[in-house]
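To keep things clear, I will list the structure first and then write my remarks on it.
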Amino acid sequence: MKSFEYVRASGIADAQDTAGRIIAGGTNLIDLMKHQIETPPRLVDVTRLDMTEIEQSAHSLRIGALVTNSDLAAHDTVRRDYPVLSRALLAGASGQLRNKATTGGNLLQRTRCPYFYDTTQPCNKRVPGSGCPAKEGINRILAVLGTSPHCIATHPSDMAVAMRALDARVEIESPNRGTEMLTLDEMYVLPGDDPSKETVLEAGDLITAVHLPQPPKGKQTYRKVRDRSSYAFALVSVAGIVDVEDGKITEAALAFGGLAPRPWRDGTVEDVLVGEAPSDALFDKAADVLLQDAQGFGENDFKIPLARRTLKAVLAELTGVTQ
Ligand SMILES: Cc1cc2nc3c(=O)[nH]c(=O)nc-3n(C[C@H](O)[C@H](O)[C@H](O)COP(=O)(O)OP(=O)(O)OC[C@H]3O[C@@H](n4cnc5c(N)ncnc54)[C@H](O)[C@@H]3O)c2cc1C
């Protein structure tokens, strides 16, 4: 590991250090530093800042950026009103990791692409312009939607997938832009020509909280398919929220993990469902729309039919249709 300076932020202004890197739980950043994938000259520890509360108001639930994944999953309001989030959190990592991992850090954790981690290999995300061997190489866990010729990495967070389905907004304190509230689609960028850039955040930007709007109507679930039943990242995951009234789907929110460089949500999939009576044929139509532009790279081709089956299973569970 390269040597670095360590400082403790005692206020937001200290944390907005454009030459330093924020450290919260450290469960991702420290690994990346040990592999010399990230070599920040200075770590700014934000864990003493006042960002540990979950506050409920008439319009939203405000989750402080330092709320741990364990505390968020176990929170009474989250379990009762946002069970998709609680389930997604509990499907991630392990108990020990969730006790350290924070809401802000979870959103900004980096990909698990094996080429990103292997510093003997080229990787456009780690060393821009060096190439992407993953497309013809080991790509079993990598993306089939939203990729670019320069990168096929997936975003690894389970929590962010549930937050995407819940229309969460991220509160950011920026030294240049002031306070901002961004949806996850606004915050995360697709790889395009520069996969090293994963969000619109700039140096010194601090995530202070995540806001969830009022609980959505309908049933919620999170289904994660992975190689082991715990302690493994998603091959495919679906966060689903569906309301059925008088035999018709009235509302649907669906977000997907393991498929794309950011938590994936496609409104046209939801449009197929809303206003229709739930049925196996309808669910197939929704999967057709979701996967119409999906592209496999060999080892990960299986994700395309797996995504179809997982989406259909989630829709069947949420609407009571027997498959
Ligand atoms: C073995 C293992 C298995 C795992 N399995 C899963 C899994 O199945 N599903 C899953 O979703 N995750 C999984 N994880 C990842 C884990 O959830 C993340 O490591 C964790 O959520 C990161 O949070 P942290 O607070 O430790 O972040 P840190 O490591 O402290 O930081 C991560 C990044 O976020 C930035 N950052 C942190 N806080 C802020 C803030 N407030 N404002 C701005 N920037 C900030 C840091 O600068 C850094 O770039 C796994 C991790 C490990 C090690």
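The values are calculated or read from the model by the stated rules, or taken from the named source; none is laboratory data. What you see is a predicted model, and the numbers here were worked out from it, not measured in a lab. Neighbour counts run over all protein chains shown; Cβ positions are idealised from the backbone, glycine included. SASA here: full protein model, heavy atoms, side chains in, ligands and nucleic acids out. Shrake-Rupley method; radii C 1.70, N 1.55, O 1.52, S 1.80 Å.
Details
- Overall shape: oblate for the stretch 1-122, with the ratio a/c of the largest to smallest alpha carbon gyration tensor axis at 1.5 or above and b/c at least equal to a/b.
- When its C-alpha radius of gyration is set against 2.2 N^0.38 Å (N residues), the chain gives a value of 0.98.
- Each peptide in 224-236, 141-153 was scored by the mean count of other Cβ atoms within 10 Å over its residues; highest first, the order is 141-153, 224-236.
- The chain: DSSP helices with Cα axial extent of at least 15 Å and average Kyte-Doolittle hydropathy no lower than -1.0: 280-291, 303-319
- Simple label model, 7 Å out from Cα along Cβ direction - residue 120 to residue 48, nm: 4.3
- Carbon/sulfur fraction of accessible area - the chain, other protein chains in place, 1.4 Å, %: 48
- Taken as Cα centroids, the stretch 1-68 and the stretch 70-144 sit 17 Å apart, rounded to the nearest whole angstrom.
- Surface accessible to a 1.4 Å probe, per residue, for the residues of the stretch 1-149, Å²: 48
- Scattering profile of the stretch 219-319 at q = 0.15, 0.22, 0.25 Å⁻¹ [log10 I(q)/I(0), Debye over alpha-carbon scatterers]: -0.56, -1.15, -1.44
- Think of each Lys and Arg Cβ as +1 and each Asp and Glu Cβ as -1; about the Cα centre, that makes the dipole of the chain roughly 1040 debye.
- Residue with peak Gaussian network fluctuation, the chain [Cα springs, cutoff 10 Å], from 246, 185, 194: 246
- Residue-averaged 222 nm ellipticity for the chain, from DSSP H runs of 4+ at -39500 (n - 2.57), nearest 500: -7000 deg cm²/dmol
- Cross-link pairs 125/312; 100/224; 2/303; 135/285; 197/285 - those with Cα-Cα distance over 26 Å: 125/312; 2/303; 135/285; 197/285
- Using a simple spin-label model with pseudo-atoms 7 Å out from Cα toward Cβ, residue 180 and residue 196 lie 2.0 nm apart.
- Accessible surface, 1.4 Å probe, highest first, among residues 30, 207: 30, 207
- Accessible area per residue, Å², the stretch 219-319 with all protein chains present, probe 1.4 Å: 41
- Share of pairwise Cα separations in the stretch 141-260, more than 17 Å, in percent: 64
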